[in-house]
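What follows is a set of notes on a single structure, which appears directly below.
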Amino acid sequence: MSLFDGAIIRRAALDSLAKLNPVTLMRNPVIFFTEIISALTSFVAVEDIVQHQPYGFPLVIAIWLWLTVLFATFAEAMAEGRGRARAESLKRARSETMAKLLVDPRDRAIFKLTPASDLCQGDIVLVKAGDIIPSDAEVIEGVASVNESAVTGESAPVVREAGGDRSAVTGGTQLVSDWLVLRITADAGSTFLDRMIALVEGAERRKTPNEIALNILLAGLTLIFLIAVITLVGFGHYSGTSFSIPVLAALLVCLIPTTIGGLLSAIGIAGMDRLVRFNVVATSGRAVEAAGDVDALLLDKTGTITFGNRMASAFFPVSGAAERDLAEACALASLGDDTPEGRSILALARERYNIVPQRSESATVIPFSANTRMSGLDFAGQSYRKGAVDSVLKSLGVEGGAAFAEAATRIGRAGSTPLAVTANGKLLGLIELKDIVKPGIKERFAAMRSMGIRTVMVTGDNRITAAAIAAEAGVDDYIAEATPQNKLDYIRMVQGEGRLVAMCGDGTNDAPALAQADVGVAMQTGTQAAREAGNMVDLDSDPTKLIEIVEIGKQLLITRGALTTFSIANDISKYFAILPAIFVITYPQLSALNVMHLRTPESAILSAVIFNALIIVALVPLALRGVKFRPVGAAALLKRNLLVYGLGGLVAPFAGIKLIDMALGVFNIFS
Amino acid sequence: MLILRELRPAISLVVLFTLILGLAVPEAFTSAMQAALPWQANGSLIRQNGKIIGSAIIGQNFTGANYFAPRPSALGTSYDASTSGASNLGPTSASLLTAVQQRVAAYTKAFGPGPVPADAVTASGSGLDPDISLANALRQAPAVAAARHLPTHTVVDLVNRMTHHAAFGIVGLDHVNVLRLNLVLDALPAS
Amino acid sequence: MLYIALVFALVLGAAFPLGRYMAAIFERRVTWLRPVELGFYRLAGVDETRSMTWQAYAVALLLLSLIHFFLLYGILRLQYYLPFNPQHIAGMSPRLAFNTAASFTTNTNWQAYLPEGQISNGAQMLGLAVHMFLSAAAGIAAAAAVMRAFTASALKSLGNFYVDLTRITLYLLLPITLVAAVLLVVAGCPQTLAPFISGHTLQGGSQTIAIGPVALQEAIKQLGTNGGGFFNANSGHPFENPNAWTNLLENWLLLVIGFALPISFGHMVKETAQGRTLMAAMAIILALGCVGAYAAEAAGNPLHTAAGVARSGGNWEGKEVRFGIPASTTFNVSATGTSTGAVDSFTDSYTPLGGLVPMFLMQLGEVSPGGVGSGFYTVIVFTLLSVFVAGLMVGRTPEYLGKKVQEKEIKLAMLGVLILTLFILAGAGFSLITASGVGSLANTGPHGLSEMLYAWTSATENNGSAFAGLSADTPLLDYGLGAAMLFGRFAFMIPVLAIAGSLAAKPKLPESAGTFPTTGPLFIGLLIGVIIILGGLQFMPADTLGPLAEHFLLHAGKAF
């Protein structure tokens, strides 16, 4: 979706008019106030027209003040419009379905066709292949594959079954095969889909804590400048100057923070939208903001930090055995092993010694069994085995010797798994299976660290293995032999230090930790309990995304701060445009303050007002896209943003106002 | 009740501090200073023949060519030290401008043409400024010398001798105490 | 310029050890007057182990101030009957007594009265001088309470107001005051309870010389950033300020605690760089002011130059010869950068820009370094606002020293700024519409506007200095400015204490690489920018019609 989609702009233009309704605009104090000023100025302009006074100046000012308000509402409408496009597609999935309401849960034959919108929590329904799942529910019976593309955009069907971590289904998704009996877990209108639609549309948007505080600051500034402008009447009275209402209105509107006031809600909506676009749904804006504040990330080792498959990485022959023989034995022992581990052994043997064993019909594959903890191949009277070190030694009834034991220990300490390999009952050596850390992950964690975020690896491995992988991946801490309880304890401990924690999880046993974490991202594939406990749902079920979620949270806050700084810094130049213009009649000497050499007082005031209005439009793309995020430390980030938005905010309007004044000059307006 | 609970300590502390800081300490300090530094503590008074002729650090008026003239005072020519104050006329004040113009005219008339030191034609802050700038004193010196029939260089030397120089060139300004200068002038043997 | 550098070197050099000592006072580690201190607690029924919530702290502070206000009001009304009144000065009118009591309770020391004629020695000592100690101590105590908010996690208590007040008075104000007072007497400040002196001048005239227990009061007047002169001419009077050295001493006294407070803060929060950062911002603003005012005054008055006054001298109207221009402007700028309001030269007669500098420093909220205590907590308010505005730019909820700055703090901070703005601008704007207000002005043209604006600025910001031509003893200004002083002090201080209470209760978050850095040149620049934009811009229209207009008119040769 491009930033400026024609349809969205057209719709937003219409919406921005509807948003002028003062009742709804009151949510935004600065713009609401601007609207009042605009109305007042319009009244003056109309009065001048009726009374045949010169009305050109008041009229033009009034028009531009209205445009200021309109541009602000347009920014919000644009942000909402972009969210709405996605909501529309979600709504189609919600489109009225009929549910098969079971009268008796045990009897699947008798059901009553009921509109999905009439379903209540606890109702039991039946869905069959081809049916749309009517509402959020838990599987209580059956196994089936479900196409969840309506929600996730992912078209490969997923398996849903009763019990365990894959029992939750989402309303709006479609059953592809078999049947399921479901217990409805959400009332109509409050399903996951409904919430998502509401969120992306911005309809249910509540202001976040930061936004509220910022609004108070902006409202305070508005009042302060209101005092400054109203009291100017008294100072003017003494000085023999009287100010017309349009002039005071122009001064006031230029001084109050209309730029950030106009863009504030658009920034918030756009932040949510960026998250949605990223296939993550937050239950509240508060959660997105909290993501920016996170100090510690709990990341699952498997799948996030490592590929999740162990890979063969080295051969360690026992004394007397040749490494090539060991490699060959390994390859043969793995010939029937179709797991990624087995394939990686074959690959390593081929790579190192160009061993490509052929599998013959007569070979017997000995599969891995929990009993023997070995697997292998019997072939032409030869037998090859690989397996856990202690099991293999036990089966052979031998001691490996000191060097062998030492090699096994060393491999284990490095976070890898040693497998012992035998050929015809003779111990040949060890193969190291390594947990491969994803490339680039270490750099990412370093970037996180420079942003002040600690990364914590969560793994079921023992402490030694965990420590080794943690060191290799460059995480700051790890939780070894993780259980739901010690995860929860760890989160509580970190929070006790005053830090905010983010984590992701999917299983029901993750629910307490997800609820305890400040940002809990539940996987869409996870259980209903997990999804309820978290405050975000990742539709792609990709635990790596936690990092990006944090970045989006930060970006939202940065955008807000940058535009606030820019807006406030703008005031200085506006003074230089307007003050000389309004005082120059009384004290012509004050034209010395007209450093921009604006042509006439009217043109100076109008130029400032026009700049003030246009800057809102000019900044809409930045508000919607967000300030570019860089994973660097706070000090560097501040320096950069303060230069760009602080200093830029001081300087930009000087140029802008001068240009507008020159443009007005070209058309001989107020010359 | 929160307020009642605070009433006793609040009242007691006000009373205690008033007695100590407002009564005991000033009384004791005054007695000590009267004993240790009586001249300063009593106003740095200068006596002549037993009579107080003024304070060494409070300006008093001098008229006539015989004496060095002090700065203009917002208190008028009386230099009434029972009060104090400045003209408080602003930089664009027309009445200040007129006053300055008149003083400039009078000054150049009395001491001849030449640059008019700013302190000579502006009122001081206290109205009791005991000093004039060195430049001002040097400008007046020839006229005073003439009126007293003294060689100009004698008076100029006197002025230079009586000058308080700015410490390290930055703390203060080269200036002369008018009363002390005029006292020394009176003590000079007539030529 | 060298003189300005000298003042800064002496003040900042002393602020470091003094700040460390003051932190020890606040943390009750200084005990050399322990028996006296304990005597106070016993007599006053103070339980020194009690710790106060912000509400209790504010109530105690307000109540003590209120009681002290009424005591002073009584003393002023009844001074005729009180001891130490050798000149038999009559009691003050209710209106003027209200104004004066408000003025001294709030550490303003605005003087609508004529000291030599309307205040007895007894009222000076028992009333004004005691207020000079206690209002300063109360301000410092409030600052100490604010500092404590940042020292620990989830703290309920801000300290004990009575203990703070007593300790600050005994261990800080009184010792320095006594030492400084001795030096002042040595230099020529009188210290006597005798009546006025009658002298016969050299030329045979008579001269009455006002005198009194000046030295002691002068010392605390400067040290406590009070500014209420024993004489009408304030520190311009030779008895208050006999020579250039006393002028330097007084200048040092009025700045030193203000600059030491951020250093104390650094020690209390155990991050001395934080304190130095705040100090640097204060010092830069003040230095810019000193240089600006000096340049304006040294350039002289073009109208007078045209009338034949030597150009080299500078603008001497209202200044004393013994100080010279750099020392005069530095003193006045220092006194308005703090809430002292003492003057050694008369700002009303400064050039327009020379007068704008002191006024603008007050309008900024007096943060350079501000009144003792009040300057510090005002800087903290601006620091919180800076952190909030720009802090978002690092992508985290803004925090200062581990305390999150949120809705409540912003609400209270803006309330404070709003009240100051309202009283200054509405007060001056309204006064200039009334006949009574315009009638009080001593000057016409834009300078008259400056006079009125300066008065309301000075009162609201609890400074006390004036464009002194204004006749301030009128019903409008006595009551109006009195109210402005009370609101400017307490309606700002209470929200600040509430902020402190709110922050104290929050957990103190550990610092990380993602924490917004609040030290170093960048933050100093940001803080100064926010102080100017949020604290000063709203006054620009009025300042343009006053001093700025006057400046351009003056250079166009206009007089009124």
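The values are calculated or read from the model by the stated rules, or taken from the named source; none is laboratory data. Predicted model only: the values in this text are computed from it and were never measured. Note that we place each Cβ from the backbone using ideal geometry, even for glycine, and neighbour counts take in every protein chain shown.
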Matching residues in segment A:589-611 - criterion: being part of a loop (DSSP other than H, G, I, E, B) and within 14 Å of chain C (Cβ to nearest Cβ):
A:594, A:595
If you go through B:56, B:32, B:94, B:69, the only one that is outside the structural domain of residue B:110 (by TED's automatic domain parsing) and either surrounded by fewer than 18 Cβ atoms within 10 Å (Cβ to Cβ) or in contact (Cβ under 8 Å) with a residue 24 or more places away in the chain (or both) is B:32
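Residue-wise test of (1) at the interface with chain A (Cβ under 8 Å from one of its Cβ atoms); (2) polar (S, T, N, Q); (3) buried (at least 23 other Cβ atoms within 10 Å of the Cβ).
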residue	(1), (2), (3)
C:411	yes, no, no
C:423	no, no, yes
C:436	no, yes, no
C:449	yes, no, yes
C:463	no, yes, yes
C:479	no, no, no
Which numbered condition residue A:100 fails, given (1) assigned to a helix (DSSP H, G or I); (2) farther than 30 Å from residue A:268 by Cα
(1)
Does residue B:189 meet the test of being more than 8 Å from chain C (Cβ to nearest Cβ) and outside any helix (DSSP H, G or I)?
yes
Within 14 Å of chain A (Cβ to nearest Cβ), in contact with a helix residue (DSSP H, G or I) (Cβ under 8 Å, 6 or more places away or on another chain), of a type in the set (A, V, I, L, M, F, W, C) and in contact (Cβ under 8 Å) with a residue 24 or more places away in the chain: does that describe residue C:486?
no
Would you confirm, using the coordinates I've provided, whether residue B:118 is assigned by TED's automatic domain parsing to the domain that holds residue B:77, touching a Gly at 6+ places or on another chain (Cβ under 7 Å), small (Gly, Ala, Ser) and free of Cβ contacts under 8 Å to residues at least 40 places away in the same chain?
yes
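This table checks each residue for (1) within 27 Å of the chain's Cα centre (by Cα); (2) surrounded by 22 or more Cβ atoms within 10 Å (Cβ to Cβ); (3) of a type in the set (D, E, K, R); (4) modelled with pLDDT of 95 or more.
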position	(1), (2), (3), (4)
A:195	yes, no, yes, no
A:199	yes, yes, no, no
A:215	yes, no, no, no
A:241	no, no, no, no
Got at least one residue in segment A:342-351 being loosely packed, with under 14 Cβ neighbours inside 10 Å and within 17 Å of residue A:417 (Cβ to Cβ)?
no
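May I ask you to verify whether residue B:133 is among the hydroxyl-bearing types (Ser, Thr, Tyr), facing chain C (nearest Cβ under 7 Å) and touching a Pro at 6+ places or on another chain (Cβ under 6 Å)? Even if it seems obvious, please write down each step before you answer.
Values: among the hydroxyl-bearing types (Ser, Thr, Tyr): yes; facing chain C (nearest Cβ under 7 Å): yes; touching a Pro at 6+ places or on another chain (Cβ under 6 Å): yes.
So residue B:133 fits the description; yes.
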Looking at (1) closer than 30 Å to residue A:54 by Cα; (2) without any contact (Cβ under 8 Å) to a residue 40 or more places away in the chain; (3) part of a helix (DSSP H, G or I); (4) more than 11 Å from chain C (Cβ to nearest Cβ), which is the only condition residue A:668 fails?
(3)
Of these, B:134, B:150, which one is within 19 Å of residue C:309 (Cα to Cα) and not hydroxyl-bearing (Ser, Thr, Tyr)?
B:134
Looking at residue A:558 and the list (1) touching a residue at least 12 places away in the same chain (Cβ under 8 Å); (2) more than 9 Å from every other protein chain (Cβ to nearest Cβ); (3) not in a loop (DSSP other than H, G, I, E, B), which single condition is not satisfied?
(2)
With (1) over 23 Å from residue C:116 (Cβ atoms); (2) among the hydroxyl-bearing types (Ser, Thr, Tyr); (3) not in a helix (DSSP H, G or I) as the list, and residue C:171 as the residue in question, which single condition is left unmet?
(3)
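Residues are listed down the side, and each one gets a yes or a no for (1) touching a residue at least 60 places away in the same chain (Cβ under 8 Å); (2) part of a strand (DSSP E or B):
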position: C:182; (1), (2): no, no
position: C:189; (1), (2): no, no
position: C:203; (1), (2): no, no
position: C:207; (1), (2): no, yes
position: C:221; (1), (2): yes, no
position: C:227; (1), (2): yes, no
position: C:235; (1), (2): yes, no
position: C:239; (1), (2): no, no
position: C:259; (1), (2): yes, no
Some residue of segment A:644-658 being closer than 30 Å to residue A:276 by Cα and not aliphatic (A, V, I, L, M):
yes
Looking only at residues that are among the polar types (S, T, N, Q) and over 19 Å from residue A:670 (Cβ atoms) in segment A:560-599, which one is surrounded by the fewest Cβ atoms within 10 Å (Cβ to Cβ)?
A:586
Residues that are closer than 22 Å to residue C:144 by Cβ and out of contact with any Pro (no Cβ under 7 Å at 6 or more places or on another chain): find the helices (runs of 4 or more DSSP H) completely inside segment C:462-560 holding 1 or more of those.
C:475-505, C:520-536
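Go through segment C:70-83 and give me each residue that's assigned to a helix (DSSP H, G or I) and more than 10 Å from chain B (Cβ to nearest Cβ). Full working, then the answer.
First, pick out the residues of segment C:70-83 that are assigned to a helix (DSSP H, G or I): C:70-77, C:79-81.
Those that are assigned to a helix (DSSP H, G or I) and more than 10 Å from chain B (Cβ to nearest Cβ): C:73, C:74, C:76, C:77, C:79, C:80, C:81.
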So if I check each of C:207, C:217, C:191, C:203, which one is more than 7 Å from chain B (Cβ to nearest Cβ) and not small (Gly, Ala, Ser)?
C:217
Hey, among the residues in segment A:482-516 that are surrounded by 23 or more Cβ atoms within 10 Å (Cβ to Cβ) and modelled with pLDDT of 90 or more, which one's nearest to the chain's Cα centre (by Cα)?
A:502
Given the conditions (1) facing another protein chain (nearest Cβ under 7 Å); (2) in a helix (DSSP H, G or I), every one holds for residue B:98 apart from (1)
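Search segment A:628-660 for residues being outside any helix (DSSP H, G or I) and facing another protein chain (nearest Cβ under 8 Å), and hand back the single one that is farthest from residue A:574 (Cα to Cα).
Here is the first cut: in segment A:628-660, the residues outside any helix (DSSP H, G or I) are A:628-633.
Filter again for facing another protein chain (nearest Cβ under 8 Å), leaving A:629, A:633.
Working: A:629: 30, A:633: 34 Å.
Filtering segment A:628-660 for residues that are outside any helix (DSSP H, G or I) and facing another protein chain (nearest Cβ under 8 Å), the one farthest from residue A:574 (Cα to Cα) comes out as A:633.
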Residue list for segment B:101-125, filter: at the interface with chain C (Cβ under 7 Å from one of its Cβ atoms), buried (at least 24 other Cβ atoms within 10 Å of the Cβ) and part of a helix (DSSP H, G or I):
B:118, B:119
State all residues of segment A:561-588 that are at the interface with chain C (Cβ under 9 Å from one of its Cβ atoms) and either on the phi > 0 side of the Ramachandran plot or over 47 Å from the mean Cα position of the chain (by Cα) (or both); if no residue qualifies, say none.
A:580, A:582, A:583, A:586, A:587, A:588
Filter segment C:174-188 down to residues that are more than 13 Å from residue C:223 (Cβ to Cβ) and more than 7 Å from chain B (Cβ to nearest Cβ) and give me whichever is farthest from the chain's Cα centre (by Cα).
C:187
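Does residue C:198 fit the bill of being touching a His at 6+ places or on another chain (Cβ under 7 Å) and farther than 28 Å from residue C:367 by Cα?
no
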